[in-house]
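Since every read-out is calculated from the coordinates, none of them should be taken as a lab result. Bear in mind the structure is a predicted one, so any value in this text is a computation, not a measurement. Backbone-built Cβ (ideal geometry, glycine too); neighbour counts: all protein chains shown.
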Amino acid sequence: MSNENPGHDGKKPLFVFPEFHNRIPLMLAPVLALAPIGLIGAIWYYFSPSFTDVGYQPDQPVPYSHKLHAGDLGIDCRYCHVGVEKGPHAGVPPTQTCMNCHASVKKDSPLLTPVRESWTSGESMQWVRIHKSPDYVYFDHSAHVRATIGCEACHGRIDQAVVVKQEQPLSMSWCLECHKAPENYLRPRGTATVMGYKPEGGDQLAQGTKLKKENNINPPIHCSGCHR
Amino acid sequence: MRSLIAMLVAAAALGGCRGEPSKLPPVHLNPNMDTQDKYKAYGASHLFQDGRTMREPPANTVQFGLSKESDEIYRGQDEFGNFISKFPVTLDAKLMKRGQERYDIFCAPCHDKSGGGKGMVAQRPGLVPPPSFVDSTDVNGRRIINMPVGEIFNTITNGKNTMPAYRTQIPTDDRWAIIAYLRALQRGQNARLSDVPADQQGSLK
């Protein structure tokens, strides 16, 4: 092919697409064929709560350390989260619970200023919520504590968390993974708040299968189990 | 091919990896009605002046089933206002077990699991450690061993000295369960051989 093709007027050379352009559709074909796979892959990876939600670790008004309180001092989860056995919400403790001890301990610490201000003014502490299931999900903490799924199954090693972050995706597939096979997580009654729990004999599956039968644990996997 | 790899790397770098800590609130690329305009527990409210969704019961109202008529159960007092010495609830193994669990949650941080007052929190600077309520050689220990259960109930309910009131954290039934377990701690640590059933005394000698 030559660039010296004469134009219509016979003077100016006419632009002609180089020959390799003929092969472009052929080259694009595999890319276009793979594009949907890439798109699906990207949505699978980036739209999932495993990507969007896990790792959320906001700054709180007071740098409260669960490691110090629950880990080092060994205060039970339920000292503050009193609702966890009774209803859907574990409960954010009221300022009064902080002041149970902090009226005396570290009572002049500047870090605790928001707590003292809340205590004197009666205004709520503006704690930032980390774990939030979608608003069409009706999760109930009490049911899970009664069936005895350890706190750490969903919240991780809170007793080691200086700053709490979301550890699990709280996605539907994640919920169903356990609802279909609770024996992987079941513990004996009364051990839900134990951190770093080791099953008896080290065999979670054997213990879980036994407990599932004994305690008659049948988690719902139908829609209205969690959605109303 | 090299450009394709470069693009994939760039995409991964832009998007980051799963589970990376982030201070920014989650963005749901498909909102899906995940967050709806409704008031939920502990949420903020623009409707009420105090900014809270959760409401307190109006003044001078009584929650259904919580009339708290019994002075003995709800105040630990008899009809003359004296603290009662006899439990107003039935004592059984179930109550005792419940009491142990609740004691370990709410009391052990300061009073420690045996009642000696050497809990982890009590050892923090600034806090006056509570007296042992099991030590019969100590004046405070003796005082609490002989204290009527109604007075102990009153202390848990309303607090005393640096001990805060626990009426909001511990329901009434659990307070009585805790007192039952507290009595067991006192009894167990001041027991004599004659307290052990005769047929089992031999195994302790």
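Assorted remarks:
- Cα centroid of segment A:80-109 to Cα centroid of segment B:156-205, whole Å: 25
- Within 10 Å of each Cβ in A:44-53, the average number of Cβ atoms from other chains: 5
- Residues whose amide H lies under 5 Å from that of B:ARG52, counting only those 5 or more places away or on a different chain, are B:SER45; hydrogens are built 1.01 Å from N in the peptide plane.
- Each residue in A:ILE158, A:ILE75 was given a count of other beta-carbon atoms within 10 angstrom of its own, and listing them fewest first yields A:ILE158, A:ILE75.
- Once the mean of 1/r is taken over each pair of separate Cα atoms and inverted, segment B:8-143 shows a Kirkwood hydrodynamic radius of 21.9 Å.
- Of the three principal axes defined by the Cα atoms of segment B:120-164, the extents in descending order read 31, 27, 15 Å.
- Amide H contacts of B:GLN77 (H built 1.01 Å from N, in plane; Pro and chain starts excluded): B:GLU72, B:ILE84 sit under 5 Å, all sequence-distant by 5 or more or on other chains.
- Taking amide H positions as modeled 1.01 Å from N, with prolines and chain starts lacking one, the residues under 5 Å from B:SER22 and 5 or more places away or on another chain are A:TYR56, A:GLN57.
- At most 13 other Cβ within 10 Å, DSSP loop - trypsin sites (Lys or Arg not before Pro), segment A:133-217: A:ARG189
- Per DSSP, loop chymotrypsin sites (Phe, Trp or Tyr not before Pro) in segment A:42-130 with at most 15 further Cβ within 10 Å: A:PHE47, A:TRP127
- Expressed as a fraction of 2.2 N^0.38 Å, the value expected for a compact globular protein of N residues, the C-alpha radius of gyration of chain A is 1.68.
- In sequence order, segment B:92-102 has phi-based couplings of 8, 5, 5, 4, 5, 5, 4, x, 4, 4, 5 Hz under the Karplus curve 6.51 cos²θ - 1.76 cosθ + 1.60, θ = phi - 60°, and Gly or Pro positions carry x.
- Segment A:168-179 - phi-based ³J(HN,Hα) in whole Hz, Karplus 6.51/-1.76/1.60, Gly and Pro as x: 10, x, 6, 8, 5, 5, 5, 4, 5, 4, 8, 4
- Residue-averaged 222 nm ellipticity for chain A, from DSSP H runs of 4+ at -39500 (n - 2.57), nearest 500: -10000 deg cm²/dmol
- Cα convex hull volume per residue for the protein assembly as shown (Å³): 273
- What you get for the protein assembly as shown, charging only the Cβ of Lys and Arg (+1) and of Asp and Glu (-1), is a dipole of about 400 debye around the Cα centre.
- In terms of distances greater than 26 angstrom between alpha carbons, the cross-link table entries A:LYS86/A:LYS213; B:LYS40/B:LYS113; A:LYS132/B:LYS97 yield B:LYS40/B:LYS113; A:LYS132/B:LYS97.
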